[in-house]
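Every read-out reported here was derived from the displayed coordinates using simple, explicitly stated rules and does not represent laboratory data. Owing to the predicted nature of the structure, the values given are computational and were not obtained by experimental measurement. Neighbour counts are summed over all protein chains in view; Cβ atoms, including those assigned to glycine, are modelled from backbone coordinates with ideal geometry.
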C-alpha cells in the first residue's frame, strides 16, 4: 500500500481531531432524547441508532453534500447552492444550529490552512453547514474525497458514541466496540456518497428526526441538540 500524501494526511488528522475547535462535544444530534425515551440503552441499541442515521438519515446526506462540495473545486457559486441545500436538509432548528455552529467554527479555525476560501463563501452564502465547509476546504487542499468523507463520518459517529457513553451511561470499552462495528458502515456510506447525485439527498430516519425535535423541549438537557 502506498502512503498517503503526508501534507494531506496531516491536515486531515488536524481537522478531524477531537481537539479541533468545532464544538462537536456540545451536540448529541437528538440522542439525548433517545436515551431518555429508552430507545438507546445498551451497545446493541446504540449501534442500531447510529448505523441508521449513517445509512438513512443526516449522516448519509452529510456525506453526499461533502463529496459534492469537494468536487466544486472552490467554485463559490456551486458551493453557495450546496450551502442552501445543506440548510434545507436540516430537519429541525437544533439540527440547523448544530450543523452551522460546527461549520462556522470549522471555517474560522481552518483559516490557518486557507485564509480565503471559507471566509469568501461565508460572505457570499452566510452560515456554512459543516459538511459543505469540510468538503470545500478538503477539495482545494488535495485530500482524496472518499478518505475525507470516511474521516468526517467517523468523527460524526464518534461524537454520538461519546454522548451515549456519558448519557446511558456506557463504558468506554462498550463505546469503542460500537465504533469498531461501524467501520463497515462508514466505508460503505463513503463509497455510496461518491456515486450519489444531489437528487439522492433525503432520508427516512424518522425516529431520529423526532428525537431531534423533542430535544428542543426536553426538561433536562446536557447537550445543545
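Does residue 73 count as at positive phi, crowded, with 24+ Cβ neighbours inside 10 Å and either touching a residue at least 12 places away in the same chain (Cβ under 8 Å) or touching a helix residue (DSSP H, G or I) at 6+ places or on another chain (Cβ under 9 Å) (or both)?
No.
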Verdict on residue 164 being surrounded by 15 or more Cβ atoms within 10 Å (Cβ to Cβ) and on the phi < 0 side of the Ramachandran plot: yes
Residues of segment 178-195 classified as in contact with a helix residue (DSSP H, G or I) (Cβ under 6 Å, 6 or more places away or on another chain), part of a helix (DSSP H, G or I) and in contact (Cβ under 8 Å) with a residue 60 or more places away in the chain, total: 8
Pairs where the first residue, in segment 115-143, is over 10 Å from residue 70 (Cα atoms) and the second is in a loop (DSSP other than H, G, I, E, B), C-beta under 7 Å, 6+ apart: 117/74; 118/128; 121/128; 122/128
Selection count, segment 1-36, where residues are within 22 Å of residue 220 (Cβ to Cβ) and either surrounded by 14 or more Cβ atoms within 10 Å (Cβ to Cβ) or without any contact (Cβ under 8 Å) to a residue 40 or more places away in the chain (or both): 13
Which listed residue, of 89, 93, 99, is surrounded by fewer than 15 Cβ atoms within 10 Å (Cβ to Cβ) and either closer than 22 Å to residue 211 by Cβ or in contact with a helix residue (DSSP H, G or I) (Cβ under 9 Å, 6 or more places away or on another chain) (or both): 93
Output for segment 120-138, where each listed residue is in contact with a helix residue (DSSP H, G or I) (Cβ under 8 Å, 6 or more places away or on another chain) and surrounded by fewer than 24 Cβ atoms within 10 Å (Cβ to Cβ): 120, 122, 124, 125, 126, 127
